[in-house]
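One structure is given below, encoded as structure tokens.
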Amino acid sequence: MSGTARIAQVGRGVGAFPAAQWDALAAGNPFVGHAFLAAMEESGSVGPRTGWTPAPIVLVDDAGTLEAALPAYLKDHSQGEYVFDHTWADAWQRAGGDYYPKLQIAAPFTPASGPRVLARDPAVAAPVLLAAARQLCAQHGLSSAHATFIEPAQVPLFEADGWLLRRDIQFHWHNRGYARFDDFLAALSSRKRKDIRKERAAAQAGLDIRAISGADLREEHWDAFWAFYQDTGARKWGHPYLTRAAFTLLGERMADAIVLVLAYEDGEPVAGALNFIGPDALYGRYWGTLVERPFLHFEICYYQAIDIAIARGLSRVEAGAQGGHKLARGYEPVETTSAHWIANPSFRSAVADFLAAESAGVAQQALFLEERLPFKKS
């Protein structure tokens, strides 16, 4: 960040900023890059009607060049965040306060850790940006600000600013130099190795599974995936978060960072999973199916992702939020962190007490899960 960066502003949206300037700060993370965030805006997946009003907090220099940013939103609800604060909202509103709107610093609908302070030197930019976030809350009477799924290197930036930290657990697959899927299986216990082979065989029977990326992605693929996504979204969230237009825009702007896994039966697509490629990770995001088949979810979402990560030399697969069933498939527990600034001192104290108790439980859960990993014992 140059010495002339002085002015903190709230932008209308990420799309209002030059893509090259924004991406120079995003460290290659697909979910805080200009293409993804602007696609969310232009497709209507975020916006005032969705309860996600874009409000990026940025620093610009005297020449108007973007120097640092927080991807931020004014939220009218707590949907699409994957860090659940509904009980906090209920408690504050029972006490007579208005919990919403709140400020959310996040990649929308994306439980994948990444940078939240976007800057060439986050340690320099963070104090200014986080102070601006707190000031925005004070000026508009917002109850709180929340930064979710912060990459580990940036957690101390929020802690130093006095934000409360919250821990949770996800399941990630780690590539330990495997050349092929069978190398990974060889690291598992005999029983787990046999189980996975049986699951893959049952799921793949009668199907043609294809991994489609880059210039091979076409609208017909997005039409098929949209049907799968709608079905899953309706069952899990009540309605899909992303619009159909979002997938077209993502395909136009991020095709080389996308792998769409589709399963075909008798020439027709019947299931699929959408993955994004980062500098060293594959991120599994959405999946859906029109058929009921044992183990198909595991094959399309987890085992195919491992195949892709090995083929591309990626260090890990992040398969999204929750899912203890991933443990038996070789996905290991990993801590995730969010940070929370609460305006009211009494409410902040109550939340801090809650988080202290919750953190102890998360730590115990992590130990429990580590003992049950399916790998061979040393």
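Per-residue answers, yes or no, for (1) farther than 20 Å from ARG285 by Cα; (2) among the aliphatic types (A, V, I, L, M); (3) buried (at least 20 other Cβ atoms within 10 Å of the Cβ):
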residue	(1), (2), (3)
ALA26	no, yes, yes
TRP52	no, no, yes
ASP62	yes, no, no
PRO122	yes, no, yes
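When region 42-66 is examined, which residues are found to be within 13 Å of ALA107 (Cβ to Cβ) and in contact with a helix residue (DSSP H, G or I) (Cβ under 7 Å, 6 or more places away or on another chain)?
SER45, VAL46, PRO54, PRO56
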- Note on the structure: All conditions in (1) open to solvent by 20 Å² or more (accessible area, probe 1.4 Å); (2) of a type outside the set (Phe, Trp, Tyr); (3) in contact (Cβ under 8 Å) with a residue 40 or more places away in the chain; (4) not in a strand (DSSP E or B) are true of VAL291 except (3)
- Single unsatisfied condition, THR337 versus (1) surrounded by fewer than 21 Cβ atoms within 10 Å (Cβ to Cβ); (2) not in a strand (DSSP E or B): (2)
- Failed condition for ILE212, given (1) at pLDDT 95 or above; (2) open to solvent by less than 10 Å² (accessible area, probe 1.4 Å); (3) in contact with a Leu (Cβ under 8 Å, 6 or more places away or on another chain), with all others met? (2)
- Query: Where residues in region 64-86 are touching a residue at least 40 places away in the same chain (Cβ under 8 Å) and surrounded by fewer than 18 Cβ atoms within 10 Å (Cβ to Cβ), which of them is nearest to ARG12 (Cα to Cα)?
  - Reply: THR65
- Mind listing whichever residues of region 89-115 are open to solvent by less than 10 Å² (accessible area, probe 1.4 Å) and closer than 20 Å to ALA138 by Cβ? ALA89, TYR99, LYS102, LEU103, GLN104, ILE105
- Which of the residues belonging to region 259-278 are open to solvent by 10 Å² or more (accessible area, probe 1.4 Å) and in contact with a helix residue (DSSP H, G or I) (Cβ under 7 Å, 6 or more places away or on another chain)? PRO269, ILE277
- Message: Within region 285-298, does at least one residue satisfy the condition of being out of contact with any Asp or Glu (no Cβ under 6 Å at 6 or more places or on another chain) and small (Gly, Ala, Ser)?
- Response: no
- Hits in region 279-288 (condition: open to solvent by less than 20 Å² (accessible area, probe 1.4 Å) and hydrophobic (A, V, I, L, M, F, W, C)): ALA281, LEU282
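The values are calculated or read from the model by the stated rules, or taken from the named source; none is laboratory data. Note that the structure is a prediction, hence the values are computed from the model and not measured. Note that each Cβ is placed from the backbone with ideal geometry, even for glycine, and that neighbours are counted across all protein chains shown. Heavy atoms of the whole protein, side chains included, go into the accessibility calculation; ligands, DNA and RNA do not. Shrake-Rupley method; radii C 1.70, N 1.55, O 1.52, S 1.80 Å.
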